[in-house]
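The values are calculated or read from the model by the stated rules, or taken from the named source; none is laboratory data. Model, not experiment: these values are computed from the prediction. Cβ sites come from the backbone with ideal geometry, for glycine too, and all protein chains shown count toward neighbours. All accessible areas refer to the heavy atoms of the entire protein, side chains included, with ligands and DNA or RNA removed. Shrake-Rupley method; radii C 1.70, N 1.55, O 1.52, S 1.80 Å.
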Amino acid sequence: MRIQIRPTLVFGSKNAKDPAIVDLVWLTALLKDIDHGKTLMSACKKMGLSYRNVWQKLNEVEQALGFKLMDRVRGHGSQLSEYARYLIQFTEDFDQKTMRLGQSSLSHLEEGFAQFRVKAKKQWRFASSSDPIIQKAVFDIGGFELITAGSGEALERLLNYEVDIAGFHVSDPQSSQIIAKRLYKEGMQIFPVMKRVQGLLVAKGNPLNIISSKDLLRPKVRFINRQKGSGTRLLLDTILAKEGIDVNSIRGYQNEEFTHSAIATAILAKKADVGMGVKSVALENGLDFIQLKDEIFFLAMNEDLSTNGELAKLIRKIRTLSGATPGYKSIGLKRQIAGWL
């Protein structure tokens, strides 16, 4: 656990139930990157953030403040406004003052937390992308509260200290390196635990003769999708983009489920003809499977937790189960995924 005093901007009335909150440390780090000659796009990539989400956040902050943080100059990119420079200076001054003032108080708070941990068994909060191996490992080991979330959401919850562990999967080294850079910057540790196969789940015998993602364009094929923010949804969208397939041309693309098992159930109930999922779920439900992509599944957590004995048991259990399950392969060494971290 890491405890910090960080300045924030809170927009909305005093009694607002859901006020907008902006972390000034995050905001000024972004602004300083831009001031050092980076474009907004490159600054977003450095932080491992979505350009669209950051652009929207900056617009919201500027609207709430009533002045511009950046001046967009045609042919010269974005330049910081005088207000942005004031905000950077304020945040730096705040950090210097609270660093001295808050150190003793934070130490006292951490000591108090440590005493409570001794008195009660820790229930580690684990946000993870949907996966049957993860679910079984958590059930077998115990002591973990599993929260099913898309890979992106799981990582954001970890970085916001809402959970202790995040489980996420990535299908290409470049994306993996971007995510790893952001996690390492925040003091997180990453453990590769397994490789798994993702593909298309179809009814037994594949009655519609679906063999690739291009078959999703056929008018009679009903697709069932994973929810926005899930790693499986991102993987599908990446595959479709490379194939030049317009998602709006896929019948059922907007229909969503939140787990691999739910996709299989929808196909078994004949509510859909095809959906994305892992091979093991297809086999368990008697469905056929068309392989599309291998991907690596990782666990991320803060450095203190990375040496915890209970977490080590969980990682060993995941690797053991994945090594014995069709469609999976156990990964125990980082050299097995050279170039991904």
### Query
Using unit Cβ charges (K, R positive; D, E negative) and no other charged atoms, how large, in debye to the nearest 20, is the dipole of the chain about its Cα centre?
660
### Query
For the chain, what relative contact order do you get, as a whole percent, if you take Cα pairs closer than 8 Å and at least 6 residues apart?
19
### Per-peptide average of other Cβ atoms within 10 Å, ordering 126-138, 196-208, 241-253 highest first
126-138, 196-208, 241-253
### Summary
In a Gaussian network model of the chain with springs linking alpha carbons closer than 10 Å, the residue among E256, E156, E92 that fluctuates most is E92
### Query
Hey, what's the chain come to in accessible area per residue, 1.4 Å probe, Å²?
54
### Ranked by how many other beta carbons lie within 10 Å on average, peptides 83-90, 52-59, 146-153 from highest
146-153, 83-90, 52-59
### Query
Where does helix 24-35 land angle-wise versus the long Cα axis of the chain, in degrees 0 to 90, nearest 10?
90
### Task
Classify the chain as rounded, prolate or oblate from the Cα gyration tensor: take a ≥ b ≥ c as the square roots of its eigenvalues, call it rounded if a/c is under 1.5, otherwise prolate when a/b beats b/c and oblate if not.
oblate
### Task
Return the aspartates and glutamates within reach of K270: Cα separation strictly under 19 angstrom, same-chain partners fewer than 8 residues apart disregarded; answer none if there are no such residues.
D215, E256, E257, E284, D288
## Note on the structure
In degrees, nearest 10, the alpha-carbon axis of helix 51-65 is tilted away from the dominant principal axis of the alpha carbons of the chain by 40
### Summary
Checked the range 181-295 against the a/c 1.5 cut and the a/b vs b/c comparison, axes a ≥ b ≥ c from its Cα gyration tensor; verdict prolate
### Query
How about K313: which aspartates and glutamates have a C-alpha closer than 20 Å to its C-alpha, ignoring those fewer than 8 places off in the same chain?
D131, D140, E145, D164, E303, D304
### Query
Okay, helix-only estimate at 222 nm for the chain: each DSSP H run of n ≥ 4 adds -39500 (n - 2.57), divide by all residues, round to 500 deg cm²/dmol; what do you get?
-14000 deg cm²/dmol
